[in-house]
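Values quoted throughout were computed directly from the atomic coordinates according to the rules given, and no laboratory measurement underlies them. All values derive from a computational prediction rather than experimental measurement. We place every Cβ from the backbone using ideal geometry, glycine too, and count neighbours over all the protein chains shown.
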Amino acid sequence: MMFRFFFLLLLLPALASAAPLRVISLSPHTTELAFEAGLGDNLIAVSAHSDYPPEALKLEQVANYRGINIERVVTLKPDLVLAWKGGNPDKELAKLEKLGIKVFYSNPHSLYDAADNIEKLGAWSDNPALAKARADAVRQELESIEASQQGKSKVPYFYQLSETPILTNNGEHWPQPLFSLCGGENIFADSAAPYPQVGMEQIVVRKPEAIFYPADSARPLESWQKWQAFIPAVKNNAIFAVTGDWLNRPTPRALKAVKQICAALDKVRNDPVHD
């Protein structure tokens, strides 16, 4: 009995150090990646608009477009903070690191990068093998999509990120990689601004053969109709809705958006009236 008692005393420090990891996510996409990596049960707080999976809606919010609630984050004593490099304020992230809080930076430029993020985050989970398997599944699906697009012609397209003002993205910023997978050629790829505001006259001159917009937009189809004589995409009814959350977040769900885009561009390629 005495031996068992001392054995349990020796175990106590180990049991104490095995307390669950406390994780905070500061963007919607890092919240999704955390769940994919097996860290969902470890999340104690998230950012505004962290709405997937639904379990994330139950968590306290400590960040939004205005910035990070530093005081609250510190009070929650996280072991790990997941940040969006370029999305969360650099000064506030530096302050967290200065306070001794470990920050994991995520800024995927492709879905391969997102898969790498999942695998790396899995190192903090109880089941790294599961995270690796999920990351590998994303990589395999990407390779399959790439193989299916071999030999297909490029299609010049315009992505209408917002209607008033008209915003789009250039060739180096999200969601460009998703369109590129399907052979889409961004008509504003050469823009110096990451997310330029453009005029209808600029779109007319560049003659997109397909137009995409987030499915939750108000009335994009109506606004395009008066340009039917000038824009091939409008003339040929090649205007497509893509689910916004799938398209705009660099997570595995973006693969669903890729399928929507590829199907739309194939329709354009195969349309007999296509210019």
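General remarks:
- Phi-derived couplings, Karplus 6.51 cos²θ - 1.76 cosθ + 1.60 at θ = phi - 60°, listed residue by residue for the range 26-37: 10, 7, x, 6, 6, 5, 4, 5, 4, 5, 4, 7 Hz, with x used for Gly and Pro.
- Computed 3J(HN,Hα) for the range 70-87, one whole-Hz value per residue from the Karplus formula 6.51 cos²θ - 1.76 cosθ + 1.60 where θ = phi - 60°, is 4, 4, 5, 4, 4, 4, 6, 6, x, 8, 8, 10, 9, 10, 9, 5, x, x, glycine and proline marked x.
- Available extension along the chain between Gln61 and Ala192 is 43.8 nm, counting 0.36 nm per residue and deducting the alpha carbon span.
- Placing pseudo-labels 7 Å out from each Cα toward the beta carbon at Leu167 and Gln228 gives an inter-label distance of 3.1 nm.
- When both the range 233-263 and the range 104-121 are represented by their alpha-carbon centers, they are found 21 Å apart.
- Neighbour-count ranking [beta-carbon atoms within 10 angstrom, fewest first] of Leu130, Leu247, Leu142: Leu130, Leu142, Leu247
- Under-5 Å amide H pairs with Ser106, H placed in peptide plane, nonlocal only: Ala83, Trp84, Lys85
- Under 13 Å from the Cα of Lys226 - aspartates and glutamates, other chains or at least 8 residues apart: Glu201
- Modelled spin labels at Arg22 and Lys256, positioned 7 Å past Cα toward Cβ, are 3.3 nm from each other.
- Out-of-range pairs (alpha-carbon distance over 30 Å; input Lys207/Lys259; Lys120/Lys152; Lys85/Lys152; Lys58/Lys256; Lys58/Lys91): Lys120/Lys152; Lys85/Lys152
- For the range 19-143, the normalised intensity computed at q = 0.18 Å⁻¹ comes to -0.90 (log10 of I(q)/I(0), Debye sum over alpha carbons, equal scatterers, no solvent).
- Dimensionless Rg ratio for the range 151-270, taking C-alpha atoms and the 2.2 N^0.38 Å reference: 0.96
- Under 5 Å between amide hydrogens, built in the peptide plane, is the criterion, and for Val242 it picks out Tyr213, Ala215 among residues at least 5 positions away or on other chains.
- Candidate cross-link partners of Lys95 among the aspartates and glutamates, defined by an alpha-carbon separation under 16 Å and a same-chain spacing of 8 or more, comprise Glu71, Asp79.
- Across Arg22, Arg72, Arg253, mean-square fluctuation computed from a Gaussian network of the chain (C-alpha pairs under 10 Å connected) peaks at Arg72.
- Prolate/oblate/rounded call for the range 123-212, Cα gyration tensor, a/c under 1.5 rounded: oblate
- Karplus (6.51, -1.76, 1.60) ³J(HN,Hα), θ = phi - 60°, over the range 140-156, in Hz, Gly and Pro reported as x: 5, 5, 4, 4, 5, 5, 4, 5, 6, 9, 4, x, 7, 6, 6, 10, x
- With the simple model of a label 7 Å out from the Cα in the direction of the Cβ, Ala129 to Val74 spans 4.2 nm.
- Antiparallel content of DSSP bridges confined to the range 19-143, in %, to 5: 15 percent
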